[in-house]
């Protein structure tokens with residue numbers, strides 16, 4: 001399939017695909033007239049990359065997942081290198097949560113000090 005079709009099927013722009021190619025995450029084969037050609041495996045790679053980006057991973061984080069799929073595994077997350085990225089990302093998220101909770105407590109203290117009679121409302125969880 002050509003770049004436009006891959007972009008449409010994967011829900012990305014052709015510019016994004018060219019960037020992924022430039023970063024070495026996908027590889028296009030070239031036809032005699034220079035057009036980029038991609039296969040079903042490339043669609044799987046782009047889908048994996050987009051999924052990871054969608055939950056906060058970087059393109060650099062995606063490399064082990066792409067390598068795992070290229071090695072023939074059914075899931076990009078099934079290789080030890082990918083598991084390490086998952087674990088590192090969870091640690092980062094936990095650190096961010098702790099930071100946000102500390103910041104929230106500080107803002108709550110400031111609100112209480114600034115407005116002793118005010119009623120503090122907790123936000124509803126979505």
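The values are calculated or read from the model by the stated rules, or taken from the named source; none is laboratory data. Note that this is a predicted model, so its numbers are computed, not measured. Note: ideal-geometry Cβ built from the backbone for every residue, glycine included; neighbour counts use all protein chains shown.
Here are some notes:
- Some residue of region 41-54 being more than 19 Å from residue 75 (Cβ to Cβ) and out of contact with any strand residue (DSSP E or B) (no Cβ under 9 Å at 6 or more places or on another chain): no
- Qualifying position, being touching a helix residue (DSSP H, G or I) at 6+ places or on another chain (Cβ under 6 Å) and at pLDDT 95 or above, among 54, 76: 76
- Filtering region 28-43 for residues that are in a helix (DSSP H, G or I), on the phi < 0 side of the Ramachandran plot, modelled with pLDDT of 95 or more and in contact with a helix residue (DSSP H, G or I) (Cβ under 7 Å, 6 or more places away or on another chain) leaves a non-empty set.
- Only one entry in 46, 12 is within 14 Å of the chain's Cα centre (by Cα), more than 24 Å from residue 91 (Cβ to Cβ), in contact (Cβ under 8 Å) with a residue 12 or more places away in the chain and part of a loop (DSSP other than H, G, I, E, B), namely 12.
- Looking across 63, 18, one residue alone is assigned to a helix (DSSP H, G or I) and in contact with a strand residue (DSSP E or B) (Cβ under 9 Å, 6 or more places away or on another chain). It is 18.
- Qualifying residue in region 66-73 (condition: touching a helix residue (DSSP H, G or I) at 6+ places or on another chain (Cβ under 8 Å), assigned to a loop (DSSP other than H, G, I, E, B), exposed (fewer than 11 other Cβ atoms within 10 Å of the Cβ) and on the phi > 0 side of the Ramachandran plot): no
- Within region 89-126, the only residue that satisfies the criterion of being modelled with pLDDT of 90 or more and in contact with a helix residue (DSSP H, G or I) (Cβ under 8 Å, 6 or more places away or on another chain) is 89.
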